[in-house]
1. How far apart, in nm, are the 7 Å Cα→Cβ label points at H77 and E16?
2. Taking H as built 1.01 Å from N, whose amide H comes closer than 5 Å to the amide H of Q35, not counting residues under 5 places away?
3. Just subtract the alpha-carbon distance of N60 and D45 from 0.36 nm times their residue separation and send over the number in nm, one decimal.
4. What is the set of long-range amide H partners of V25 at a cut-off below 5 Å, with H atoms built 1.01 Å from backbone N?
5. Using only alpha carbon positions, build the gyration tensor of the range 2-96, then give the equivalent ellipsoid semi-axes as the square roots of 5 times its eigenvalues, largest first, whole angstrom.
6. Return the FRET efficiency for the residue pair K123, A89: r is the Cβ-Cβ distance, R0 is 25 Å, and the value is rounded to the nearest 0.05.
7. Straight-line reach from K33: which aspartates and glutamates fall under 18 Å, measuring Cα to Cα and dropping same-chain residues less than 8 apart?
Amino acid sequence: MEFDEQMERANRRAVELGASHPRAVRARYDSSKGQIVVHLSSRLDVAFSPGDAEGLEGANPAQLEPIEISPSGFGIHFPKLDADLYLPALLEGFLGSKRWMAGRLGATGGRSTSAAKASAARKNGRAGGRPRKATAAVAGSS
């Protein structure tokens, strides 16, 4: 009976999610704009660059078609890349896993330049560059 109860709860959650979130009804790659376009049940279209989504970066246009929509309408799948995107997360601005997104943000921050960053780099260079890592002294036994 526990399995039946779990299935019933899962089905109720799916109905609630379906009532409160738009679903994908069509998805395509727009080669003229270089974007994935997802048409939602709310009549809103969402477009994004494949290079900004985990699993799609570096894909060529031929790999981005066809796009399959999951039966629930909450997932889109790129069979030639074996990549999936979850629509509710996509609508919240998450184009990948937390780890992947953090890596993208860190790479962007590392490339940023400012007068303060340049000044600190010059000062550090005059002082001999990045300090060497300290090695722990090993205590001798008697």
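1. Calculated label separation equals 2.7 nm.
2. D30
3. Additional length available on full extension: 3.2 nm.
4. For V25, whose amide H was placed from the backbone, the distant partners under 5 Å are H39, L40, S41.
5. Here the semi-axes work out to 27, 14, 11 Å.
6. Efficiency computed from Cβ-Cβ geometry: 0.05.
7. D45, D52, E57, E65
No lab work stands behind these numbers, since they all come straight from the coordinates. Source: prediction; values computed, not measured. Note: ideal-geometry Cβ built from the backbone for every residue, glycine included; neighbour counts use all protein chains shown.
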